[in-house]
1. Only one of PHE114, PHE78, PHE73 is part of a strand (DSSP E or B), open to solvent by 20 Å² or more (accessible area, probe 1.4 Å), among the hydrophobic types (A, V, I, L, M, F, W, C) and modelled with pLDDT of 95 or more. Can you tell me which?
2. Out of all the residues in the range 137-150, which are surrounded by fewer than 21 Cβ atoms within 10 Å (Cβ to Cβ) and under 17 Å from the mean Cα position of the chain (by Cα)?
3. Could you check the range 121-134 and list, in sequence order, the residues that are open to solvent by less than 40 Å² (accessible area, probe 1.4 Å) and either of a type in the set (D, E, K, R) or at pLDDT below 95 (or both)?
4. Got a number for residues in the range 100-111 being open to solvent by 30 Å² or more (accessible area, probe 1.4 Å), among the charged types (D, E, K, R) and closer than 23 Å to TYR183 by Cα?
5. Taking only pairs six or more apart or across chains, which ones have beta-carbon atoms under 6 Å, a first residue in the range 67-91 that is in contact (Cβ under 8 Å) with a residue 12 or more places away in the chain, and a second residue that is surrounded by fewer than 13 Cβ atoms within 10 Å (Cβ to Cβ)?
6. Test each condition in (1) under 27 Å from GLU200 (Cα atoms); (2) touching a Ser or Thr at 6+ places or on another chain (Cβ under 7 Å); (3) open to solvent by 50 Å² or more (accessible area, probe 1.4 Å) for ARG44 and report the one that comes out false.
7. Run down GLY225, GLY191, GLY166 and say which single residue is under 21 Å from GLN16 (Cβ atoms) and more than 14 Å from the chain's Cα centre (by Cα).
8. Considering only residues that are in a loop (DSSP other than H, G, I, E, B) and either more than 16 Å from the chain's Cα centre (by Cα) or under 26 Å from LEU243 (Cβ atoms) (or both), which ones fall in the range 194-222?
Amino acid sequence: MAKVFGYPPFDESGEQVLTTYDNEYSGMMMDIRVYRLAAGETRRFLYEGEETAVLLLCGQITYRWEEKSESVFRESVFTGGPWCLHVSGGIEVSIEAQEQSKILVQRTKNEKTFAARLYRPQDASWVYSSRGKFGNVANRRVNTIFDHDIAPDSNMVLGEVLNDRGNWSGYLPHRHPQPETYYFLFDRPEGFGASFVGDEVFKSTDGSFSAIPGGELHPQAVAPGFQMYTCWMIRHLPDNPWLQTDRCEDERYTWLHEADF
């Protein structure tokens with residue numbers, strides 16, 4: 001059985017490998033890595049036949065692509081909205097760090113071409129979900145950077161979640177046929193939560209991730225006292241893209257929508 005959770009370290013070059021096309025998480029059909037960049041460091045990304053999204057997690061960087069450039073800043077995922085450059089295959093992206101920074105790079109195979117786009121915080125506003133429901137313990141803020149509606153030629157979805165302290169996320173328990181990967185960060189290094197994948201449960205910690213096969217239930221929870229960030233990444237299936245309406249809640253728990261707490 002393929003692994004569904006991981007705690008990968010950063011290597012000496014500052015690379016943290018999550019999923020690849022041929023590692024134990026190949027069922028995600030995406031290559032997802034996180035990079036630490038020192039001040040003055042530059043990383044370049046160029047892939048034929050693969051689309052690439054470069055999301056700033058924290059720090060100050062300059063994006064360069066197609067003779068364009070833009071310098072952006074994000075104090076942290078807990079205090080600012082997302083900056084993300086999304087390009088189709090064959091377009092080189094250069095990232096230069098002006099200070100110590102961290103980026104997440106999401107890739108998947110895609111022969112389609114589309115216009116490169118730099119998504120800004122105002123393009124992906126935070127929206128509260130489930131506020132006041134389920135005993136008021138499933139409060140989370142969600143943004144969608146791009147999905148099928150926003151980027152119809154993409155084979156990926158990218159968004160972020162901020163859990164209120166001690167709250168649940170992805171609730172009610174739900175599933176969809178497309179595979180999904182979660183990358184977790186916490187506002188304190190000792191922060192932790194619980195991540196459910198089907199009938200298995202794992203301790204989510206800073207820098208851990210879950211690789212959720214299509215069709216598996218996947219709610220999350222964060223311990224009281226800590227705020228949890230989740231980068232959520234979905235891979236569309238051929239002729240079956242993930243849509244916002246595809247969320248299929250477990251029928252055993254739908255009564256909770258009408259429950260009086």
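1. Being part of a strand (DSSP E or B), open to solvent by 20 Å² or more (accessible area, probe 1.4 Å), among the hydrophobic types (A, V, I, L, M, F, W, C) and modelled with pLDDT of 95 or more holds for just one of PHE114, PHE78, PHE73, which is PHE73.
2. Hits for the range 137-150 are ARG141, VAL142, ASN143, THR144, PHE146, ASP147, HIS148, ILE150.
3. If the condition is that a residue be open to solvent by less than 40 Å² (accessible area, probe 1.4 Å) and either of a type in the set (D, E, K, R) or at pLDDT below 95 (or both), then SER129, SER130, PHE134 are the ones that fit.
4. Within the range 100-111, residues that are open to solvent by 30 Å² or more (accessible area, probe 1.4 Å), among the charged types (D, E, K, R) and closer than 23 Å to TYR183 by Cα number 2.
5. Note: pairs meeting the criteria are GLY89/GLU48; GLY89/GLY49; GLY90/GLU48.
6. Failed condition: (1).
7. Result: GLY191 is the single residue among GLY225, GLY191, GLY166 that is under 21 Å from GLN16 (Cβ atoms) and more than 14 Å from the chain's Cα centre (by Cα).
8. Hits for the range 194-222 are GLY198, ASP199, PRO213, GLY214, GLY215, GLU216, LEU217, HIS218, PRO219.
The values are calculated or read from the model by the stated rules, or taken from the named source; none is laboratory data. These numbers were taken from a predicted model, which means no experiment stands behind them. Here the Cβ is made from the backbone with ideal geometry for all residues, glycine too, and neighbour counts use every protein chain on show. We work out accessible area using only protein heavy atoms, side chains counted, and drop any ligands, DNA or RNA first. Shrake-Rupley method; radii C 1.70, N 1.55, O 1.52, S 1.80 Å.
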